[in-house]
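Here is the structure we will look at, set down as structure tokens.
The values are calculated or read from the model by the stated rules, or taken from the named source; none is laboratory data. Every value quoted in this text rests on a predicted model; they were computed, and no experiment measured them. Heads up, the Cβs are rebuilt from the backbone with ideal geometry, glycines too, and the neighbour counts pull from every protein chain shown. Each accessible area value is taken on the protein alone, full model and side chains, heavy atoms only, with ligands, DNA and RNA left out. Shrake-Rupley method; radii C 1.70, N 1.55, O 1.52, S 1.80 Å.
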Amino acid sequence: MKPLRIALTKGRLERDTVGLFEEMGLDCSALREKGRKLILPVGNGEIEAVLAKAADVITYVEHGVCDLGVVGKDTILENGTGFYEILDLGFGKCRFALAGPKNRDFFGGYSAKTIATKYPNVTRNYVEEKGMDVRIIKIEGSVELAPLLGLSDAIVDIVETGSTLKENGLEVIDDVAPISARLIANVASLKLRKQEIEDLADRMEAAKSSLQRKKEESR
Ligand code: PRP
């Protein structure tokens, strides 16, 4: 049987997925000692893990060269539509927020505002929902700089602990959307290998609950 191929977002989501796989009893030694290798076996060869950047996880799954993917809801909201989202994995939790300089009334006044962001689609959807007239400027990283330098009135960005905002004199103005890691599936794979994918998703969900229980017990 051909292994199910799953694209993992390199870094933290990859490490959390390894934790989940190990909770399922799958051997992840190849992934743990991967060196610079990008395609690695998991378990007894029933799964093949592919390590990719977040947006590329979506591309590989959409094109069907990977059956499944683990990717953040942030990347899905910004880039994705052509696949199924089948499970909230419960890790990688953070949120999209609108943030700006402290004690500034972003929603007040009549002039059009400017928002800097790495996520122009998420931002566009948010301001359209609010019915606001906003100019969006795309920034590649450290978006917090934009209001500090006077390029924008606010930012839409990922907030996890809130310390980046705090250390730069910014604060959350509004919550935009919650984020966590999701299991996504290629549309054709979900038809052709339905049983295998559903079994794997069920086992991942059970492992997620078991890890959450262990975490609560250790508190
Ligand atoms: C992300 C995000 C914020 C920060 C939020 O940046 O863009 O800057 O983390 O985390 P916090 O609320 O816990 O401080 P990342 O480190 O990915 O770098 P980037 O800004 O270059 O994208």
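A few notes on this one:
- Residues in the stretch 180-215 that are in a strand (DSSP E or B) and within 16 Å of the ligand (Cβ to nearest atom): Ala181 alone.
- Some residue of the stretch 77-89 being closer than 25 Å to Thr117 by Cα, hydrophobic (A, V, I, L, M, F, W, C), in contact with a Leu (Cβ under 8 Å, 6 or more places away or on another chain) and in the same structural domain as Ala206 (by TED's automatic domain parsing): no
- All positions within the stretch 149-171 that are touching a residue at least 40 places away in the same chain (Cβ under 8 Å) and loosely packed, with under 14 Cβ neighbours inside 10 Å: Glu160, Gly169
- Residue in the stretch 46-55 that is at pLDDT below 95, surrounded by fewer than 22 Cβ atoms within 10 Å (Cβ to Cβ) and more than 15 Å from the chain's Cα centre (by Cα) present: yes
- Number of the exception - Ala177 against (1) within 16 Å of the ligand (Cβ to nearest atom); (2) open to solvent by 50 Å² or more (accessible area, probe 1.4 Å): (2)
- Of all residues in the stretch 57-101, those being among the charged types (D, E, K, R), outside any loop (DSSP other than H, G, I, E, B) and within 16 Å of the ligand (Cβ to nearest atom) number 4.
- Qualifying residue in the stretch 27-40 (condition: within 23 Å of Arg182 (Cα to Cα), in the same structural domain as Arg213 (by TED's automatic domain parsing) and within 16 Å of the chain's Cα centre (by Cα)): no
- Output for the stretch 67-124, where each listed residue is over 16 Å from the mean Cα position of the chain (by Cα), surrounded by 21 or more Cβ atoms within 10 Å (Cβ to Cβ) and among the acidic types (Asp, Glu): Asp67
- Glu23 in contact (Cβ under 8 Å) with a residue 60 or more places away in the chain, under 26 Å from Lys215 (Cα atoms) and either surrounded by fewer than 17 Cβ atoms within 10 Å (Cβ to Cβ) or outside the structural domain of Leu148 (by TED's automatic domain parsing) (or both): yes
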